[in-house]
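To start, the structure under review is shown below, and the notes come after it.
Quick note: the coordinates plus some simple rules give every number you see, no bench work behind them. None of these values were measured; they are calculated from a predicted model. Don't worry about glycine lacking a Cβ; one is built from the backbone with ideal geometry, like all the others, and counts go over all protein chains shown.
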Amino acid sequence: MSTVVGIDVGGTKVAATLLGPDGLGETKLQPTTLDSGDALIDQLVEVVGEAAGGQSFDAVGIGVPSIVRFETGEIAASTNIPLKGVPLRKVLGERLGVPVFVDNDATVAALAEAHDENLELVSPNLVIITVGTGIGGGIVIDGRIFRGGSGGAGELGMTLIGLASEPDMQPSGQHFPQPGSLEALASGTALDRFARAAAEHRDSSLATLAAAAKPVLGPDAVAAAKAGDEYAMAAVRRWAHAVGVGIANAINTFDPDEVVIGGGAATVGDLLLEPATQFAAGYVHPGLQGRAAVRIARWGVTAGVLGAALLAAHELERDPT
């Protein structure tokens, strides 16, 4: 295997690690520099050097929370990092002197999840749904990333799962997430909303937080549900239902071997996974039922840097020049 560096760029942190014949190296973390695009690029150069630790490397892979034109590495759209319009592949490649490959962060996480602990491809057809403040997604088909025509495939949070279809309905315009979208109904932000509704019941333990003028958030509902609070359990179940519809849509559309739940929601574990899987089963086409496994992400917070590194390694194998 080539020696490569993987970088996971988020709105709050940048993580980088070396991947070589001996496996993954130590992950280096820095708070994300958001002052300007130039400052963030300087930071990426710095963190690559830290991750390499003086070793030579053949390429760099980067996962970013953006829609990416893969062939040029241009950041077509981004809400959390100041790189919109930047041809990152070219700019960073010139700074580092090695090939650079740029892709969406959830997309590279999907590539990581398709591989086991020995970095063997075990799930050639896989969809990941990353559930955090928003919802992202990534798709692997026949062992390779599926990007679509322009690089924007996998925006599963934008799929509409609850939109009323009245004859006089009009699109809501450029306001995202759209009402009725998976992101609006199944993200961590949606769970926050369900938690606040549960806190309106005086018999719920969440009402105590609200009475003390403390914010009531999704993690509070999860903790209360684990403690047996029936209103919190109902809030989490409502959230799981929406996630389950998203899982069913992924199965009906792609017929994958696995659907993986990643992002912050992965820490909720079976409290989310079990009801979401049950709900999903009720929406899957009869001809597809029972085939796709649904699981929590195996790589956790490492998925981003590992997937970015695998991206670089795979692209080098495909075109060593």
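A few notes on this one:
- Equivalent-ellipsoid semi-axes for the range 1-64 (Cα gyration tensor, √(5λ), whole Å, largest first): 21, 11, 9.
- Cα gyration tensor shape for the range 266-321, rounded if a/c is under 1.5, else prolate or oblate: oblate
- Helical content alone sets the calculated 222 nm signal of the chain at -11500 deg cm²/dmol, taking -39,500 (n - 2.57) per DSSP H segment of four or more residues and averaging over every residue.
- Degrees separating the helix 188-198 axis from the principal Cα axis of the chain, which is the longest one: 20 degrees
- GNM top mover of GLU74, GLU117, GLU258 - the chain, alpha-carbon springs below 10 Å: GLU117
- Here is the list for the range 20-73: GluC sites (Glu not before Pro) lying in DSSP coil, each with at most 15 other C-beta atoms within 10 angstrom of its C-beta, are GLU26, GLU71.
- On Cα atoms only, tilt of 37-52 relative to the major axis of the chain in degrees: 70 degrees
- Packing here is the average count of other Cβ atoms within 10 Å per residue, and on that basis the peptides 309-317, 192-200, highest first, run 309-317, 192-200.
- Inter-label distance for THR267 and VAL301, nm, one decimal - labels placed 7 Å from Cα along Cα-to-Cβ: 0.8 nm
- Nearest 10 degrees, 0 to 90: helix 270-281 Cα axis against the chain principal axis: 80 degrees
- Legend: residue pairs LYS28/LYS226; LYS28/LYS214; LYS28/LYS90, Cα-Cα distance threshold 27 Å; pairs beyond threshold, LYS28/LYS226; LYS28/LYS214.
- Nonlocal amide H pairs with PHE101, under 5 Å, H built at 1.01 Å: VAL60, GLY61, ILE62
- Build a GNM of the chain with springs between Cα atoms under 10 Å apart, and of ALA15, ALA109, ALA234 the one that fluctuates most is ALA234.
- Cα gyration tensor, the range 128-297 - rounded (a/c under 1.5), prolate or oblate: prolate
- For the chain, the Rg and Dmax computed from alpha carbons only, in angstrom: 20.3, 66
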